[in-house]
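Enquirer: Got a structure here, written out as structure tokens. Questions coming.
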Amino acid sequence: MMKVRLFLVISLILIFTGKAFAQQIQATPVYPQGQQSERELFIQQPILQVQPQAVPPSQTQPVPLPSLEKTSEFEQHISEKIEITDTQFEILQKLEGITFSYISHPPAVAVLEVSTKIGQFGYDLFRNPPSTFAPVEKVPVGPDYVMGPGDEIKVAIWGKVEGLWSVVVDRDGHISLPKVGILGVTGLTFKELKELLNKEFSKYYTGFEMNVSMGALRTIMVYVVGNAEKPGAYTVSALSTLINALFEAGGPSKTGTMRNIQLKRNGKTTVIFDMYDFLLKGDKTKDIRLMPEDVIFIESAGPLVAVAGSVNNPAIYEIKEEKTVSRLIEMAGGLSTVAFKGRVQIERIIDNTRQTVFESDIAGAKDMSIQAGDVVKIFQVVQDRRLVRVSGAVQREGEYGFRTGMSLKDLLSLAGGLKYYAFNKEAELTRVYVTDNGPKTEKLMVDIGKALAGDPEGNIPLKEDDYLFVRTVPEWQLYRIARISGEVKFPGSYTIQKGEKLSSLIERAGGYTDKAHLRGAVFIRERVRDMQQKSLEEMILRLERELLAEGSVQVSAALSTEEIQAKKVEQESKQKFIESLKKIKATGRMTLRLAHLRLLKGTASDVEIENNDSLFIPARNNVVNVTGAVMAQSSLVYSDKMDYKDYIEMSGSYSRHADTDNVYILKVDGSARKASKRFINWNPFSSRWEAAGFGSDVKPVEPGDTIVVPEKLDRIAWLREIKDITQILFQIAVTTGVVYQLL
């Protein structure tokens with residue numbers, strides 16, 4: 001009786017245990033051995049996949065299992081996992097035309113828009129090599145096969161004499177045949193072997209036919225090293241090629257290159273194999289046969305770029321000369337049938353963060369350069385979908401599906417909420433109405449602070465195609481940076497505050513060194529450079545119109561062939577002159593007079609610093625430069641006892657075509673002055689009379705100055721027609737900080 005009871009108890013335990021185990025099997029995916037840690041990590045971070053599908057929401061969607069294949073760091077980086085809250089998940093579930101597949105709830109991660117869960121191209125070729133390949137040794141031997149120790153040779157002759165022999169090449173590379181004797185065959189090709197045997201047998205026999213074939217082939221040792229999946233020494237058939245050995249070693253690892261696989265023989269690189277040629281073009285021309293002791297070296301992977309979305313083969317590609325979006329799309333098999341040609345997006349790592357740096361249509365993006373780490377997204381044609389849009393200081397700008405009853409708070413939740421520098425008092429909502437007279441646009445100011453708090457006054461209902469713009473706090477800028485270099489104690493890039501003055505920056509840099517030449521300070525401002533460049537381009541454009549218009553009239557009025565030809569040559573000279581002017585770029589230099597910090601404060605030169613301003617303080621340079629129409633352009637040692645004429649004389653005096661009345665000096669501080677000793681002088685650059693040096697504390701010539709002697713422009717016939725050419729060239733010299741010379 002006790003035995004019966006014990007049997008019943010054990011049976012019940014087994015039944016209940018079996019049911020629980022069966023339920024566990026049904027509820028838990030089966031994972032390969034050795035992958036438990038990845039499974040645990042996956043369960044800790046369940047995945048929600050958001051995909052637009054034209055199926056009823058009630059239809060059951062398949063539950064995808066995670067890929068447990070080893071992924072590279074770049075693959076993990078671009079997987080685009082976005083954290084969402086339970087509230088956001090509930091909103092996403094209500095969106096029209098959107099269905100979900102998920103592992104568990106609540107979700108921690110969402111994949112939106114273009115999926116970037118893609119792998120590195122080509123590596124899966126080696127992960128599961130087919131087992132149905134015929135052994136390599138069964139492949140027919142070609143005429144270029146090289147004989148070596150261990151190869152089996154079969155010889156058959158018939159006719160007046162008959163015989164059948166099977167011999168193996170010994171370690172010394174010899175074979176032994178009756179009558180013929182011992183022959184050395186190592187290093188011979190199969191074709192040469194047949195010729196040798198026929199020749200040797202012909203010495204002893206006539207009237208026979210011969211057939212030579214290969215039996216069992218020798219094996220050779222090769223090495224696969226570097227970034228291989230399974231590096232090591234491999235014994236392979238003598239007929240094996242580079243690709244065969246790569247399959248044996250599992251191919252390159254995810255850190256290894258697919259495009260620069262080197263075969264080294266006797267210490268030299270025999271061939272560089274690009275696996276992409278094989279995978280994308282079917283080109284095996286460099287897949288050469290292996291020799292004993294060959295080394296296959298797999299370098300580290302080159303620059304990696306991802307192309308995701310609507311291309312035929314979305315993947316991560318290793319690029320070489322493919323440096324543009326169009327080449328990358330071509331490598332990915334071209335655009336898919338459903339690709340939307342109106343939107344291409346490039347994400348790039350800048351300042352340690354991934355940012356969207358470019359967005360355009362296919363035509364505008366095809367010549368766009370790409371670089372390592374870029375992610376190129378090709379979007380799909382959007383279908384029967386209703387949208388609302390949000391941009392500005394939110395976590396995720398973009399378009400979101402609209403549903404009836406959707407509120408402002410719902411949209412902000414989908415966008416991940418506000419950024420910390422968002423202005424949460426007011427935002428601008430743009431709404432378009434359809435009227436009989438066409439579309440009507442309305443601007444609404446909404447209180448997003450109240451909306452996020454759930455206040456009905458601020459949390460207004462949205463309409464299809466609403467556009468919300470969330471502003472930043474007034475005058476928001478994360479950092480303002482100014483650079484100071486040269487003769488200061490602590491040069492570098494400093495963050496600056498709004499309203500901070502130049503004297504403060506110099507103080508923070510430790511002040512001047514004892515070598516500082518304050519008169520030669522170079523202060524660069526980007527805003528000034530933009531204005532100078534615009535002014536420069538306008539001057540050059542005006543000059544170009546005048547020169548070319550006058551030239552066209554002269555050519556049309558020419559009476560002879562010789563005169564027409566001369567005018568054309570003159571026109572070409574004008575065009576070259578204009579093209580050379582167009583290459584000149586403005587510097588953005590502002591003329592400042594620095595002084596001791598105590599004296600600088602409160603002066604006009606103590607300017608308010610702007611973002612990206614740059615100050616360079618040079619060391620004292622006791623040199624005066626002389627350039628232009630002089631006999632010898634020179635750099636001369638400064639002397640306070642000499643004026644500009646003395647320096648010109650030391651440079652060999654004026655040349656034949658020097659314009660002695662319009663000599664000017666480019667001062668070391670970036671300004672320019674007419675060089676004259678008279679009290680009252682006519683300045684042709686500003687078209688006015690000026691008092692030279694009266695009440696000024698600036699010396700006519702200082703260390704670092706450049707004395708410019710211009711050429712007489714009237715010696716060039718077509719320049720005589722441009723009345724203000726002198727003023728234009730002078731302004732170019734001042735704006736760009738360089739001396740422009742007519743050749």
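The values are calculated or read from the model by the stated rules, or taken from the named source; none is laboratory data. Predicted model only: the values in this text are computed from it and were never measured. Heads up, the Cβs are rebuilt from the backbone with ideal geometry, glycines too, and the neighbour counts pull from every protein chain shown. Ligands, DNA and RNA are excluded from the accessible area calculation, which covers all protein heavy atoms including side chains. Shrake-Rupley method; radii C 1.70, N 1.55, O 1.52, S 1.80 Å.
Enquirer: I'd like the GluC sites (Glu not before Pro) in the stretch 159-238 restricted to DSSP loop residues with at most 11 other Cβ atoms within 10 Å, sorted by number. Walk me through the intermediate numbers first.
Expert: Details: sites: E162, E192, E195, E200, E209, E229; in loops: E162, E229.
Passing both the DSSP loop test and the Cβ count: E162.
Enquirer: Once phi is turned into ³J(HN,Hα) by the Karplus curve 6.51 cos²θ - 1.76 cosθ + 1.60 with θ = phi - 60°, what whole-Hz value does each residue of the stretch 400-413 show in order, with x for glycine and proline?
Expert: 9, x, 9, 10, 4, x, 5, 10, 4, 5, 4, 5, 5, 5
Enquirer: In square nanometres and to one decimal, what's the mean projected area of the convex hull around the Cα atoms of the stretch 346-480?
Expert: Reported value for the Cα convex hull: 11.4 nm².
Enquirer: Charges at C-beta only: +1 for Lys and Arg, -1 for Asp and Glu. How large is the resulting dipole of the stretch 309-353 about its Cα centre, in Debye rounded to 20?
Expert: With Lys and Arg at +1 and Asp and Glu at -1, about 180 debye.
Enquirer: Rounded to the nearest whole Å², what accessible area per residue is found for the stretch 508-631 with the 1.4 Å probe?
Expert: 56
Enquirer: Still on this structure, please answer the following. Normalise the Cα radius of gyration of the stretch 257-341 by 2.2 N^0.38 Å (N = residues in it) and let me know the number.
Expert: Rg over 2.2 N^0.38 Å, computed on Cα atoms: 1.32.
Enquirer: Where Lys and Arg each count +1 and Asp and Glu each count -1, what net charge lies around E487 among other residues with Cβ under 10 Å from its Cβ?
Expert: Every neighbour counted, the sum reads +2.
Enquirer: Answer with one residue from V569, M642, G588: the one whose Cα lies farthest towards the positive end of the charge dipole of the stretch 544-677, charges on Cβ with Lys, Arg +1 and Asp, Glu -1.
Expert: M642
Enquirer: Within the accessible area of the stretch 382-482, what % is carbon and sulfur when the probe is 1.4 Å and the other protein chains stay in place?
Expert: That fraction is 49 percent.
Enquirer: Find the accessible area per residue for the stretch 288-393; the probe is 1.4 Å, ligands and nucleic acids are left out, and the unit is Å².
Expert: Working: 5060 Å² over 106 residues.
Per-residue accessible area for the stretch 288-393 comes out at 48 Å².
Enquirer: Say each of W476 and M642 gets a label point 7 Å from the Cα, pointing the same way as Cα to Cβ; how far apart are those two points in nm?
Expert: Result: 6.0 nm between the two label points.
Enquirer: Write down the radius of gyration of the stretch 368-435 and its Dmax, each obtained from C-alpha positions, in Å.
Expert: Rg, Dmax (Cα atoms, Å): 15.5, 50.
Enquirer: Can I ask one more? May I ask you to list the GluC sites (Glu not before Pro) in the stretch 321-358 that are in a DSSP loop and have at most 10 other Cβ atoms within 10 Å of their Cβ?
Expert: On the way: sites: E321, E322, E330, E347; in loops: E321, E322.
Here the sparse-neighbourhood loop sites are E321.
Enquirer: Restricting to Cα pairs below 8 Å that are 6+ residues apart, what does the relative contact order work out to for the stretch 254-334? Please round to a whole percent. Write down the numbers at each step before the final one.
Expert: On the way: 113 pairs, mean separation 22.5, N = 81.
RCO, the stretch 254-334: 28 percent.
Enquirer: What figure in square angstrom, to the nearest 10, would you give for the accessible area of R483 with a 1.4 Å probe?
Expert: Ignoring ligands and nucleic acids, R483 comes out at about 90 Å².
Enquirer: Further question on the same structure: Which order do the peptides 406-413, 606-613 come out in when sorted by mean C-beta neighbours inside 10 angstrom, highest first?
Expert: 406-413, 606-613
Enquirer: Turning to a different aspect of this structure: Ordered by packing density, taken as the mean number of other Cβ atoms within 10 Å over each peptide's residues, highest first, how do 520-527, 350-357 rank? Intermediate results must be reported in sequence, preceding the final value.
Expert: Values: 520-527: 19.6, 350-357: 9.8.
So the peptides 520-527, 350-357, ranked by packing, come out 520-527, 350-357.
Enquirer: For the stretch 331-373, place one equal point scatterer on every Cα, skip the solvent, and apply the Debye formula. What is log10 of I(q)/I(0) at q = 0.13, 0.15, 0.19 Å⁻¹?
Expert: Debye output, listed in q order: -0.33, -0.44, -0.67.
Enquirer: How long, wide and thick is the stretch 173-297, going by the Cα atoms along their three principal axes, in whole angstroms, largest first?
Expert: 62, 29, 25
Enquirer: Another question about this same structure. With Cβ to Cβ distances under 15 Å as the rule, what net charge do the other residues near W476 carry (K, R +1; D, E -1)? It would help to have the intermediate numbers written out before the result.
Expert: Working: positive: K419, K425, R471, R480, K498; negative: E426, E475.
Local net charge: +3.
Enquirer: Along its three principal axes, how long is the stretch 457-585 when you only count alpha carbons? Whole Å, largest extent first please.
Expert: 78, 68, 17
Enquirer: Over the heavy atoms of S580, what accessible area does a 1.4 Å probe trace out, to the nearest 10 Å²?
Expert: S580 has an accessible surface of roughly 40 Å² with all protein chains in place.
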